[in-house]
Amino acid sequence: MKSTAELHLQHHRADAIPGMRDELLAVHVDANAELLDQPFYSVQRFWERFEGYLKQPGFDLVAGRVDGLLVGYTFGSALPADTQWWTGIQDAVPGITVRPPGQTFAFREILVRKAYQRRGYARRLHDELLASRTEDRAVLGVRPDNPARLLYRRWGWIHVGYRQPFPDSPRFESMVLELKGARLT
């Protein structure tokens, strides 16, 4: 039986994450069950990437709980000055990759347990993570076959190219969202 209790959101900094490892991985496994046979989505590879993201400036994770159970989360960090985000981008929208350091937030992941999807929780997690950001824009990568891609477009994200950030990763569609009334150039 699905709970109808309210979703409670809470921000967590990088130093709080080690104590949440098992819960975070449980949500990853549930949300990505059909992808776990692919090396890039394995628990080990996910956690390796996650530990790297924890070290980046401005890391923030928003956890969503229902009746104390972690049902979803999203996280990201500011792109560092030496970012490789735009390296190798294909079919890039002209001028979109140029931005001074500190002005772009990397929206890394959003995960919601399957039993809690289609309730608006992903949108609430998304909005909460981005609400307090000081950067001008956010960037994300999404698999072109991921249904969430259509949600991102409805939420204001625009397509700016394609990239494959890791040798074992899929080719992601790169998207950008203006934050705080900034204008993309």
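State yes or no: is Ala78 under 21 Å from His12 (Cα atoms), surrounded by 17 or more Cβ atoms within 10 Å (Cβ to Cβ) and at pLDDT below 95? If you could, list the steps in order and put the result at the bottom.
Values: under 21 Å from His12 (Cα atoms): yes; surrounded by 17 or more Cβ atoms within 10 Å (Cβ to Cβ): yes; at pLDDT below 95: yes.
The answer is yes for Ala78.
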Go through (1) out of contact with any Ser or Thr (no Cβ under 9 Å at 6 or more places or on another chain); (2) under 19 Å from Val29 (Cα atoms); (3) among the acidic types (Asp, Glu) one by one and return the number of the condition Asp127 breaks.
(2)
Take the range 144-185 and flag every residue that is at pLDDT below 90 and of a type in the set (Val, Ile, Thr).
Thr185
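In the set Asp22, Asp30, Asp15, which member is touching a helix residue (DSSP H, G or I) at 6+ places or on another chain (Cβ under 7 Å) and assigned to a helix (DSSP H, G or I)? Let's see the steps before the verdict.
Working: Asp22 fails: touching a helix residue (DSSP H, G or I) at 6+ places or on another chain (Cβ under 7 Å); Asp15 fails: touching a helix residue (DSSP H, G or I) at 6+ places or on another chain (Cβ under 7 Å).
Sole residue among the options that is touching a helix residue (DSSP H, G or I) at 6+ places or on another chain (Cβ under 7 Å) and assigned to a helix (DSSP H, G or I): Asp30.
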Might you let me know whether the range 59-76 holds any residue that is in contact (Cβ under 8 Å) with a residue 12 or more places away in the chain, part of a loop (DSSP other than H, G, I, E, B), out of contact with any Cys (no Cβ under 9 Å at 6 or more places or on another chain) and of a type in the set (S, T, N, Q)?
no
What do you reckon, is Ala5 surrounded by fewer than 15 Cβ atoms within 10 Å (Cβ to Cβ) and out of contact with any Asp or Glu (no Cβ under 9 Å at 6 or more places or on another chain)?
no
Could you check how many residues of the range 143-168 are more than 27 Å from Gly120 (Cα to Cα) and under 15 Å from the mean Cα position of the chain (by Cα)?
1
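Are any of the residues in the range 55-71 at pLDDT below 95, surrounded by 15 or more Cβ atoms within 10 Å (Cβ to Cβ) and within 16 Å of the chain's Cα centre (by Cα)? Working first, answer last.
Taking the range 55-71 as the starting set, the residues that turn out to be at pLDDT below 95 are 55-58.
Still in the running and surrounded by 15 or more Cβ atoms within 10 Å (Cβ to Cβ): 56, 58.
Filter once more, keeping what is within 16 Å of the chain's Cα centre (by Cα): 56, 58.
Within the range 55-71, one or more residues are at pLDDT below 95, surrounded by 15 or more Cβ atoms within 10 Å (Cβ to Cβ) and within 16 Å of the chain's Cα centre (by Cα).
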Out of all the residues in the range 17-46, which are touching a residue at least 40 places away in the same chain (Cβ under 8 Å) and more than 21 Å from Lys114 (Cβ to Cβ)?
Ile17, Pro39
Qualifying positions in the range 38-54 - closer than 18 Å to Leu129 by Cβ and surrounded by fewer than 17 Cβ atoms within 10 Å (Cβ to Cβ):
Arg49, Leu54
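How many of the residues making up the range 153-169 are closer than 15 Å to Arg108 by Cβ and touching a residue at least 24 places away in the same chain (Cβ under 8 Å)? Give the steps one after another, and end with the answer.
Taking the range 153-169 first, the residues closer than 15 Å to Arg108 by Cβ are 157, 163, 165-166, 169.
Now restrict to residues that are touching a residue at least 24 places away in the same chain (Cβ under 8 Å): 163, 165-166, 169.
Number satisfying all stated conditions: 4.
Looking at the range 92-107, which of its residues are modelled with pLDDT of 80 or more and surrounded by fewer than 20 Cβ atoms within 10 Å (Cβ to Cβ)? Outline the logic, then answer.
Taking the range 92-107 as the starting set, the residues that turn out to be modelled with pLDDT of 80 or more are 103-107.
Listed by number, the list holds a single entry, Gln103.
The values are calculated or read from the model by the stated rules, or taken from the named source; none is laboratory data. Remember, predicted model here, so these are calculated numbers, not experimental data. Reconstructed Cβ throughout: ideal geometry from the backbone, glycine too, with neighbour counts over all protein chains shown.
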